[in-house]
Amino acid sequence: MAGKKKSRPVVSGLVVLVLVAASGYLTVELRKEEERGVTQITNVGVLDGSGRSAGPSDDKGEGEQAWSRLQNPARSVLRGSDGQVSAVFTDGARTATLTGPARTFAEPSSTNSEISTTDWVRLMPEPWTKGAEKQKWFKDWYAEYKDSKEDDLFAFATQYQAGAPQKKDADGIVYAGDANFGPLNTAGGADLRLEQSDFYDYLGIPYPFRDGATGTPEAARARSIDCSGYMRMVFGYRARHPLMSSDDAGDGLPRTANGMARSKEGVDVLPLTGIAAKDRPSNIDQLQPGDLVFFKLDTRTGQRLDHVGMVLGYDTEGHLIFISSREEVNGPTIGDVGGASRLDGNGYYAKTLRSAKRL
């Protein structure tokens, strides 16, 4: 994505604020929609004040928990004994949305948006299938994470924003902390900073991929991750989703935004129909926290999609917000520099959204 600004605002990291109320509203709206027979559910756990829908319960589990099946996309919803949503699992996807303690994400130096959410998005060891709640792998996984405050995908993502403190592993490798988008483009041209900085460039270590290739870091790209490299860092290196070395056929998350959008990985929540303005998805209500969203920003990239980010949820003003690594601010942001980070309305990113995927 082309950038124009050389400075990057100081951005706050993850801020934990007061507990979000109104979960009772969610339960009431789910039951209303159930009575009307609606089978679409929207952003479970994000307390945005919008209606949500559910299907009838078809199975009872331990502790009076209830499971229901929904469509578009096909998924299973778990409710607790109080009838409130505890988790959502989408067929074919490994990302699961669990309800937990409230958190607020903010970046006050570059946006007024604040996303208060009870969603915790985690990666399961296997893709979800109908009836998986009865399988041992899921029972073991859910028992470990249902009440866990261990870092999830959202926590990983915020650990690369401006001002984020460095984190080192046992070998002294810095695996988190303030990240750049890429090195300055000294050759000139429309781009201020260079793309193609992957997660191993940030880490500064070679990375052996499962296809036998090895990613070799460039010194000039140290502590840098472009938009797709950022998602590969969050979902792959940190959450352990398989990664491909390139966009070529293989098992794992491809290298580029275009490769990710067109791959068979995960579930197409907003299917890609084309890259023209007329191909903008008409209904973003299908989106859930943790979904990958893909954009067509640059006419120079031809038929390729050229930007990717991750949905965080609705802000306190009702706008659907995403996070991504961008050239304008030189790194990961939910800010408004170069365009508000909103998927609704008619802003820069909203108009250039073309598809979405749930890994």
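Here Arg240 clears all of (1) out of contact with any Asp or Glu (no Cβ under 6 Å at 6 or more places or on another chain); (2) over 30 Å from Ser116 (Cβ atoms); (3) charged (D, E, K, R); (4) in a loop (DSSP other than H, G, I, E, B) except the condition numbered (2).
Of everything in the range 100-135 that's among the acidic types (Asp, Glu) and assigned to a strand (DSSP E or B), which residue is surrounded by the fewest Cβ atoms within 10 Å (Cβ to Cβ)? Per the criteria, the residue is Glu114.
Within the range 220-251, the set of residues being touching a residue at least 12 places away in the same chain (Cβ under 8 Å) and among the small types (Gly, Ala, Ser) comprises Ala220, Ala222, Ser224, Ser228, Gly229, Gly236, Ala239, Ser245, Ser246, Gly250. All conditions in (1) polar (S, T, N, Q); (2) surrounded by fewer than 24 Cβ atoms within 10 Å (Cβ to Cβ); (3) out of contact with any Asp or Glu (no Cβ under 9 Å at 6 or more places or on another chain) hold for Ser324, with the sole exception of (2).
Report whether or not Asp306 is surrounded by 19 or more Cβ atoms within 10 Å (Cβ to Cβ) and touching a residue at least 60 places away in the same chain (Cβ under 8 Å). Outline the logic, then answer.
Values: surrounded by 19 or more Cβ atoms within 10 Å (Cβ to Cβ): yes; touching a residue at least 60 places away in the same chain (Cβ under 8 Å): yes.
Criteria met by Asp306.
Here Phe181 passes the criteria (1) within 22 Å of Glu328 (Cβ to Cβ); (2) modelled with pLDDT of 95 or more except the one numbered (2). Exactly one of (1) assigned to a helix (DSSP H, G or I); (2) within 19 Å of Asp298 (Cα to Cα) is unmet by Arg255. Its number? Going through the list (1) assigned to a helix (DSSP H, G or I); (2) within 19 Å of Asp298 (Cα to Cα), Arg255 breaks only (1). Gly80 meets the conditions (1) under 19 Å from Ala356 (Cα atoms); (2) among the small types (Gly, Ala, Ser); (3) touching a helix residue (DSSP H, G or I) at 6+ places or on another chain (Cβ under 8 Å) in every case but one. The failed one is (1).
The values are calculated or read from the model by the stated rules, or taken from the named source; none is laboratory data. Note that the coordinates shown come from a computational prediction; the quantities given were computed from them, not determined experimentally. Cβ: placed from backbone, ideal geometry, glycine included. Neighbour counts: every protein chain shown.
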